[in-house]
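**Student:** A single structure is presented below for examination.
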Amino acid sequence: MAAAGSIATAVPQTLGEGVARAKSKMGVEVCQMLEFVSAKLLVIEERLTKRVCKKCAEGVVMGRATPKPIEGARPGPGLLAKLLVDKYDEPTPLYRQAKE
């Protein structure tokens, strides 16, 4: 379930039409990305459906997640841009900005 101030999106599956019909749904993988949108932090969740074929030995097939700026990290491009602007464009050091 998505937290308050979060957006849940379903990622389109990249499976072939025949492959998707032959496989039964096994579960859902949830990927989270933190994004800064006009003075708010949002958690964007992508739900990737896992499918498994009971007849063949292909194993588990899952759709691809949206690429992230830093692989394996949660910050999205908007949050990273804000951090870089705050760090290099603002005259106040980051530790003082955190105290304000």
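The values are calculated or read from the model by the stated rules, or taken from the named source; none is laboratory data. Model, not experiment: these values are computed from the prediction. Counting neighbours? That spans all protein chains shown, and the Cβs are built from the backbone with ideal geometry, glycine included.
**Student:** Could you list, in sequence order, the residues of the range 62-93 that are part of a helix (DSSP H, G or I) and exposed (fewer than 11 other Cβ atoms within 10 Å of the Cβ)?
**Tutor:** Selection gives Leu84, Val85, Tyr88.
**Student:** With in contact with a strand residue (DSSP E or B) (Cβ under 6 Å, 6 or more places away or on another chain) and of a type in the set (Lys, Arg) as the only criterion, which of Arg64, Arg51 stands out?
**Tutor:** Arg51
**Student:** Please identify the pairs in which a residue from the range 53-75 that is farther than 29 Å from Glu35 by Cβ has its Cβ atom under 8 Å from the Cβ atom of a residue that is basic (Lys, Arg) and modelled with pLDDT under 85, counting only partners at least 6 apart or on another chain.
**Tutor:** What qualifies is Cys53/Lys23.
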